[in-house]
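First the structure, in the form of structure tokens, and then the observations on it.
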Amino acid sequence: MSKEIIENISTKTILNDENYLIWRTELFLLLAKHKLYKYINTDEVKIILKSSIKGESKDYKTFEFDRDYVYDKNVTEDMIDKDNDTKIIINNSISDEIKKNLDFIYNNPYKIFKTVEETNSFSKQQRIEYLEK
């Protein structure tokens with residue numbers, strides 16, 4: 001998928017602290033249309049500390065944001081691209097206030113979505129307390 005296209009895609013509704021169910025539905029449909037849904041549904045693209053590898057690390061792809069990490073051995077370039085496309089769509093689809101509490105560098109879309117999902121299962125005050133931990 002073209003990066004120029006993905007970088008401009010978002011849900012119609014931008015997630016804030018009051019519209020999670022509408023946003024979630026739009027996100028699911030958007031990701032399904034672009035064949036990216038599995039990246040929020042399964043923990044596909046994992047990074048690991050390079051120092052934790054037993055033996056040679058040359059068979060691992062370097063994590064572009066931090067040279068101390070590598071992608072798990074089973075991760076392909078296509079998976080990395082789709083993982084990043086999914087993160088771009090999620091990032092484009094949430095408010096700046098919510099983005100402040102999410103790590104789009106070290107977390108994959110599955111972990112990002114799970115955090116959003118968990119924090120929106122509670123009242124606004126409970127979400128604030130959870131995110132401040």
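What to note about this one:
- Only the Cβ atoms of Lys and Arg (+1) and of Asp and Glu (-1) were treated as charged; on that basis the dipole of the chain about its Cα centre amounts to roughly 220 debye.
- Residue 67/residue 43 FRET efficiency (R0 22 Å; Cβ-Cβ; nearest 0.05): 0.45
- Cβ charges +1 (Lys, Arg) and -1 (Asp, Glu), total dipole of region 1-73, debye: 320 debye
- Chymotrypsin sites (Phe, Trp or Tyr not before Pro) within region 72-128, DSSP loop, no more than 14 other Cβ atoms inside 10 Å: 106, 122
- Listed residue (90, 45, 30) projecting farthest to the positive dipole end of the chain, Cβ model: 45
- Computed E for residue 132/residue 14 - FRET, C-beta separation, R0 30 angstrom, nearest 0.05: 0.85
- Hypothetical label at residue 7: residues of region 86-107 whose amide nitrogen lies under 16 Å (7 Å Cα-Cβ projection): 86-93
Here, each number is a calculation from the coordinates, and none is a lab measurement. Note that this is a predicted model, so its numbers are computed, not measured. Ideal geometry is used to build each Cβ from the backbone, glycine not excepted, and the neighbour counts take in all protein chains shown.
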